[in-house]
Every structure is written in C-alpha cells, then in structure tokens.
Amino acid sequence: MDEILVLAEHRQGELRDITFEMLFAANTLGKENGLATAGLLLGHETSGLAGKLKGACDRVLVIEDPELAHYNADQYLMALETAVKDRKPLLTLIGHTAMGMDLAPAMAARLCLPLVTDCVELSLEEGRLGVLRQIYGGKINAQLVMKPSDHYLISLRTGAFDAEVEQGKSGDVETIPAPAWTNLRGRQFAGADILVSIGRGIGKPENIPLAQKFADAIGATLSCSRPVADEEWLPKSRQVGTSGKTVRPKVYIALGISGAYQHQAGMKNADTIIAVNKDPMAPIFAIAHYGIVEDLLQVLPVLTEHLATK
C-alpha cells in the first residue's frame, strides 16, 4: 500500500512529542512521493488521543483492547504485526525511544524487514529509502541507501523533526480488530508454575489442541520452542529460549523438543523437567529429571485420559 505507518507513542493519557515528530517526517516524505500517512494508535479507551492525531494524519488506525492499556512488548508486537500485515505500508516509523528500541528489532526479525535505527533524515529516490544517521557519538553523519524492498522499518531519533508545526489534515478514524490472542486475558507464561512446551515433534498445527487439552488438564500454560514460533503455529510471545523468554517454572514438560542449547538456556533452571521425545539421543534428556522415549502424539491422549479419571 502507498502509505507510511506511524506508531503513536503515548504515556499516561498523553501523546508524546516523538509521535508528532514522526508524523511531520512522514507527511513531508509523503507529500514529496505521493504517500498517505496513517497513525497507528494502540491502547484502551483512546478516543481522546485519536482525536488529537486526526489533524496530523490522512487516517488514524486504532486497535483497542484492555490488554493494550499499558505498554507490554508481547501485546504491542502482536498488535503492530496485525496492522502491518493488514495495511502493507511501504514504510513503518517507530520512535527511537525505550519502547521503540524494544519493538523495532523484534518486529524486523519477525517479519524479515530491513531496519535502520536512530535516523535523523529520510528520503525516497527511485523507490529506495535513504536515511541519515549519526555515528561515533554524532561526530560523523552516515548517509545510507537501503536495498529495494516492499516494506521498510525505521526508528527516528527524538528531536530530529519539529513536533509543533501545524499539520493541516483531518484524517478519518478506522478501527482494526485486536489480535485474537489479546482477548485471552493476556495470559503470560513467564511466571507460570507449570509449562507444557511443544516443539517440532508436534508435527502440524492441527495437533496443538491435543497439547492444549493436556495443559488444561494439569492447570498448565502452553509455550513452545523456536520452530513452532517461526512457523507461526503459536505466537512468538510464547517462545522459550535465547530468542524468546527465560522461564523458571516448578514443572517444565517438553513435548517433542530436541533441546538445542538455545532452548535449554531458557528453561534449564526449572525445578522439575519432564521430556517426551521419540529420539532417545535428544539433548533434552541430558537435563531432564524424567523422560519418556515415545511419540508425543501417542503419549498425550493416554496421559490426558488418565488425568480425566482422577
């Protein structure tokens, strides 16, 4: 879509200056290149904030959900991904703030987007995005031209653009449905006492309800290893490992997870580790307190049925 998407940043019911600085940069670039500007507002009960954004946007996109009332990287990342996939903008702008530095790299990794951070100028030439960023503590200006892409991701330095200039727009407000997972009361697994974690051995997404039924039977939370998150069978927010969450539950049940060191680093300190894997040489057995060498698809129905009779 011929659009620049700007992630609005707000705190305690007020839009931060970086939001309007990014919108000024987006409108300037958009006017020069025939691109519309859309402000993306994530939060809860944000109608007042949406009204303040209208004057600086061609449209205001709102994702409303109680789980977005306060900043949380997991929820915000999923909501931002939803908007990006829905709108398919040429460029997404995020502030180079604590929030932006948290979100931008994760977003770039999740959607395989080209990313440049802490930029102070933007340009478009022959469909390629050019940026200016300062390096060596501001001693040198680096002018970069990015490779051709359908979508670029940039974080802008605070104070690089004017936040006070009148924008002169009157954008319509549109609502984008919140991701389905945000309606699960934001259940987070990092502090769960019992985790049931699935890996590549689950086979296909259609088998995940089998693991969920087992997890529900023992009062556990469902998590996963990286291959499952990479396939988007479960949200990235549920991934355990070096590129996901580090957890320390009372019981960690690894189903069909080989146990590479990246995964072990995220869960090896669990009080009790139980592994189910059909490969007797799987590394997970080296740290497991208890193990079952069997196909998890054969084990889970038996365990779940046995628990149902208790």
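No lab work stands behind these numbers, since they all come straight from the coordinates. Predicted model only: the values in this text are computed from it and were never measured. Note that we place each Cβ from the backbone using ideal geometry, even for glycine, and neighbour counts take in every protein chain shown.
Add -39500 (n - 2.57) for each DSSP H run of 4 or more in the chain, then divide by its residues: what number comes out at 222 nm, to the nearest 500 deg cm²/dmol?
-8500 deg cm²/dmol
Could you please rank Thr28, Thr37, placing first whichever residue has the fewest other Cβ atoms within 10 Å of its Cβ?
Fewest-to-most Cβ neighbours within 10 Å comes out as Thr28, Thr37.
Ranked from highest to lowest mean number of other Cβ atoms within 10 Å per residue, what is the order of the peptides 84-94, 40-50?
Going by the mean number of other Cβ atoms within 10 Å, highest first, we get 84-94, 40-50.
Taking +1 at the Cβ of each Lys and Arg and -1 at the Cβ of each Asp and Glu, which of Thr92, Leu15, Leu195 sits farthest along the dipole of the chain towards its positive end, judged by Cα position relative to the Cα centre?
Value computed over the given set: Leu195.
Sequence-distant or interchain residues sharing an amide H contact under 5 Å with Leu61, placed H: which?
Hits under the 5 Å cutoff: Gly39, Leu40, Leu41, Glu174.
When all C-alpha to C-alpha distances in the range 3-182 are sorted into bins of 5 Å, what percent of pairs does each bin hold, rounded to whole numbers?
The percentages, shortest bin first, are 1, 8, 18, 23, 22, 15, 7, 3, 1, 0.
Please state the relative contact order of the chain as a whole percent: Cα pairs under 8 Å, 6+ residues apart?
15
Please find the FRET efficiency linking Glu32 to Thr246, where r is the Cβ-Cβ separation and R0 is fixed at 35 Å, and quote it to the nearest 0.05.
0.20
Given a Förster distance of 22 angstrom, what is the FRET efficiency for His44 paired with Leu111, based on the Cβ-Cβ distance and rounded to 0.05?
Efficiency at R0 = 22 Å is approximately 0.30.
Along the range 284-294, what does the Karplus equation 6.51 cos²θ - 1.76 cosθ + 1.60 (θ = phi - 60°) give for ³J(HN,Hα), rounded to whole Hz, x for Gly and Pro?
4, 5, 5, 10, 6, 7, 9, x, 10, 8, 5
Taking the DSSP beta bridges in the range 3-182 as the whole, what percent of them are antiparallel, to the nearest 5?
About 35 percent, rounded to the nearest 5.
Among the listed pairs Lys147/Lys204; Lys236/Lys268; Lys250/Lys278; Lys88/Lys278; Lys52/Lys147; Lys88/Lys204, which are separated by more than 31 Å between their Cα atoms?
Result: Lys147/Lys204; Lys88/Lys278; Lys52/Lys147 exceed 31 Å.
Compute the normalised compactness of the chain: alpha-carbon radius of gyration over 2.2 N^0.38 Å, N being the residue count.
This ratio for the chain stands at 1.16.
Using r as the Cβ-Cβ distance of Asp193 and Ile135, and R0 as 41 Å, what FRET efficiency do you calculate, to the nearest 0.05?
Once the sixth-power term is evaluated, E becomes 0.35.
Put a dot 7 Å past each Cα toward the Cβ at Tyr261 and Asp295; how far apart are the dots in nm?
3.3
So for the range 154-310, averaging the separation of alpha carbon pairs under 8 Å that are six or more residues apart and normalising by length, what relative contact order in percent results?
Relative contact order, the range 154-310: 20 percent.
Starting from the 7 Å offset along Cα-to-Cβ, what nm value, one decimal, do you get for the label separation of Asn72 and Glu121?
That separation, rounded to one decimal, is 4.2 nm.
When ranked by the protection proxy of mean other Cβ atoms within 10 Å per residue, highest first, what sequence do the peptides 284-294, 215-225 form?
215-225, 284-294
Rounded, prolate or oblate: which fits the range 187-308 when a ≥ b ≥ c are the square roots of the eigenvalues of the alpha-carbon gyration tensor, with rounded for a/c under 1.5 and prolate only if a/b beats b/c?
Rounded, because the longest to shortest axis ratio a/c is under 1.5.
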